[in-house]
Amino acid sequence: MPADALSIREAWSRIPSPGGAETEFERFTGKRMERILAIVVALGSTVLGTQALISALATLSWSDVPSFTLLVVVYLPLIAMLVACVVGRGVRITSGTFAIAYVIALAAWPLIVDPAEKTASDQPWIFFLVNVGVVAAMLAFPLKLQFAWAVGMPFVYGYVRLVQGRFSREFWVTTAFDVSFTLILGIVIISLGWMFRSVAAGVDDARGRAVSSYASAAAAAAAEEERVAMSALMHDSVLAALIAAERADGDRARDLAVGMAREALTRLANTEAAVAQEGSDDPVATAQIVVELRRSLSELGADAVVEEIGGVGLVPGRAARALVLAARQAMGNAVTHAGGRGLHIVAQGTGDEGILVTISDSGPGFDVDAIGADRLGIRASILARMAGVAGTAAIESGELGTTVTLGWERS
């Protein structure tokens, strides 16, 4: 079954609001970038965390309760952060928790770990997690705080190492190397995260502007389509009723004019329903189009015939209705401006390929190029209506008369 035609109001309600570029869909690139960063952080932190854990278990004694407590304080939030990064939920909270917990554990390191047997070449297990604390800050904190973490964390570690080594010359050399390396790497990590996020934000902003422009254009097109349909509907119905009333010279003609006027008022009161009716695509036989043309000619009271030639085929309902209404407008123009002199209608079918309708008269003619923009009889009811169904409309007029050619071909 064919889908129900949307009314203009329903179609309008489905158009995005112009300027609404901050929706979840339009920030897709930024969200995807955050997801990628979280996964990369999870992979890298897992490797470094495993390395640090192996080092810790190899050096710690089971009887050293403070050191194991420190290990638990660091690894519980670290594991929570890794799980959050993998599942994509609670990344910011868990990352911030680990970043803070790690700084506290690092600062407390000299108070808990006995440095007596440590040398400058012995790297404590907590050192392997310095840059994990930096990437955790990258996921959790604003940009300024990220850089503060990247700069401050290495110096906190360096101070802790010097305190542990009692500021001996041996510790100064190795600590300076470790701090400089960690500082450079941390700043690079934060800078890369900022760069990737900036690129993603730029893509999202560009998409937002494109969506906003499209929405504005779609809204304008919908408004113009509604205006043209409304103008054509009013012109067709009202003009036909007025012509019938003017030519009414008997009871039957007056009853016909009254009926046409009633129909015009009904269609104007139900504009959306009329527009939706024009949107139906149920197939219509070309023979039925000829019947509708003859009925329209009879309603106009014109003394003319509709000649039918060619094969019989099917035309989409929307195109058939547009063609009949455009032809009716052309016939009305011939009756009104040419007095119906020499009015002749030819409907030429080409099977299922399409149909060609020609309306000609022998009136005085007119200058097609001089038609004003406010003259809707030709612009809206004929040209715009046929263009709306991918049809064609051509008007030739001169001293010998006017010929309107309407066509629709299957593409």
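Data for the structure
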quantity: Taking ARG32, ARG207 and counting other C-beta atoms within 10 Å, the order from fewest to most; calculated: ARG32, ARG207
quantity: Cα gyration tensor shape of region 122-163, rounded if a/c is under 1.5, else prolate or oblate by comparing a/b with b/c; calculated: oblate
quantity: Full-extension gain in nm, VAL188 to SER298, via 0.36 nm per residue minus C-alpha separation; calculated: 31.2 nm
quantity: Taking region 281-409 and dividing mean pair separation by its residue count, relative contact order in percent (alpha carbons under 8 Å, at least six apart); calculated: 26 percent
quantity: Burial ordering of ILE79, ILE395, fewest other beta-carbon atoms within 10 Å first; calculated: ILE79, ILE395
quantity: Chymotrypsin sites (Phe, Trp or Tyr not before Pro) restricted to DSSP loop in region 47-80 with at most 10 other C-beta within 10 Å; calculated: TRP62
quantity: Fewest-first ranking of ASP282, ASP352, ASP369, using other Cβ atoms within 10 Å as the exposure measure; calculated: ASP369, ASP282, ASP352
quantity: Sparsely packed GluC sites (Glu not before Pro) within region 293-390, loop by DSSP, other Cβ within 10 Å at most 14; calculated: GLU353
quantity: Region 155-190: trypsin sites (Lys or Arg not before Pro) in DSSP coil with no more than 13 other Cβ atoms inside 10 Å; calculated: ARG166
quantity: Where N is the number of residues in region 71-211, Cα Rg divided by 2.2 N^0.38 Å; calculated: 1.22
quantity: Per-selection metrics, region 281-409 (Cα): Rg and Dmax in Å; calculated: 13.7, 41
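Just so you know, all these numbers are worked out from the coordinates, no wet-lab data involved. Note that the coordinates shown come from a computational prediction; the quantities given were computed from them, not determined experimentally. Glycine gets a Cβ as well: all are built from the backbone with ideal geometry, and neighbour counts include every protein chain shown.
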